[in-house]
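Notes follow the structure.
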Amino acid sequence: MDRTVSDTPRLAARLIEGEPAALARAISLVESDTPAAIDILRAIRPHLGHAVVVGFTGPPGVGKSTLVNTYIAELRKRGKSVGVVAVDPSSPITGGAVLGDRIRMAEHTLDQGVFIRSLASRGALGGLSASAAQVADLMDAAGRDVVILETVGTGQSEVEMAMIADVRVVISAPGMGDDVQAIKAGILEIADILVVNKADQPLALQTCQQLKAMLGLRDLTRRSVPVLCTDAINRTGVGDLADAVEAVAGRVKQRENRSAVAGRTRHLLAQAVAKAAETHVMQSRTQTIAAIVQGIQEARLSLSEGARQVLNNLGGEGHDG
Ligand SMILES: Nc1nc2c(ncn2[C@@H]2O[C@H](COP(=O)(O)OP(=O)(O)O)[C@@H](O)[C@H]2O)c(=O)[nH]1
Ligand SMILES: [Mg+2]
C-alpha cells in the first residue's frame, strides 16, 4: 500500500509522457477509487485540455461500437492518437456487450496510438459519469488527441455524456420508429451531430429524412445539427463524420467556459452524494435510520423530511452505535 502511494508521482509522470502501461494502471486506480487516485488526478490537472472528447450514444445494436472502430481508423489516417472509454451500464446478465465492444475494435489492439478501456461497472463513486469523466481526463493528460466515449443510450446516460463530452454524437439506425420517437424526447436537445448508421439498409434514407424533418420543426434560432448517414461496416460516411466532429470541436474550443466545468463538477458531486446516501440508507443498521424508515411507513414523517433527516445524520458521525 505504501509503495503504491510513494510511486504515485512517478506514475503520474509516466502517464503524462504517454506511456500506455502507466495510463492503464492509473485508470485502474481511479476506477476503484483508491486513495492514490486523487493524487494522480491532481498531478494531471495542468495537463488537461488537449483532447477533444467525443461522445457516441444511442440504443443498443445501432452499431456504435462498429462505428467507433471505423472512426478510429479514420482518425489514425488523419494522424490522431485515440483513447476510447466504452461504458456499459447494463447488468452482469447483459454485460456481454462489453465483450462485443472489444471484439468490434479488435483490429486496433496492436496499435500503440489507440488505447481502449471498457468500464463494465458503475464504479465506486456510483455514477458511471464520475468514472468515465475521470478516465477521459487521464487519457487527455496522456496526450490522446481524441477521446471517444461510447455509452448505451438509456435516457440518463445521454445527459451524463452531455456533461463530459465536448462533441455529442447521437446514433440511430434505420426503421427504428420507436427510437426516432425516443430521440425526439430530449436527446435531440443534446446532440451536436445526428448519425443514421446502417445506411446500407433499405429504410436508411427515410430515417434520415424523418430526423431532418424533426430538426426542421425546431426553433430556427438554434444551432444547426447535421444529420449524417454512415455504413460502419463498409466504412462510408465516416470521413464526413470526422469533418463534422472537427467543426463542432472548433466551435467548442472557442467558447470554452468555466461555468460549464463547474456545472459538470456539481453534477458529479451530486451523484457521489446520492450514492453515499443510498449506501447509508440501505446498509446502515443504526437506530436512527430504522426510526426514520418506520416514521415514513407509519406516515408520521414525509419522504422529503425523512430524506432531510438522513442527510443530517450523514453529516454527523453517520452512526449511533
Ligand atoms: N448492415 C449493417 N450492420 C451494421 C452496421 N454497423 C454495425 N452493424 C451491425 O450491427 C450489430 C450491432 O453492432 P454494435 O457495433 O455492437 O452496436 P452497439 O450495440 O450500438 O455498439 C452488429 O451485428 C454489427 O455488425 C452497418 O453500418 N450496417
Ligand atoms: Mg457497443
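Our estimate of slack between residue 270 and residue 282, defined as 0.36 nm per intervening residue step minus the Cα-Cα distance, is 2.5 nm. Sorted fewest first by neighbouring Cβ atoms within 10 angstrom, 108, 50 come out as 50, 108.
Look at the Cα gyration tensor of region 1-47: its axes a ≥ b ≥ c give a/c under 1.5, and that counts as rounded.
Read the figures in this text as sums done on the coordinates, not as results from a lab. Since the structure is predicted, the reported quantities are computational estimates derived from the model, not experimental observations. Cβ sites come from the backbone with ideal geometry, for glycine too, and all protein chains shown count toward neighbours.
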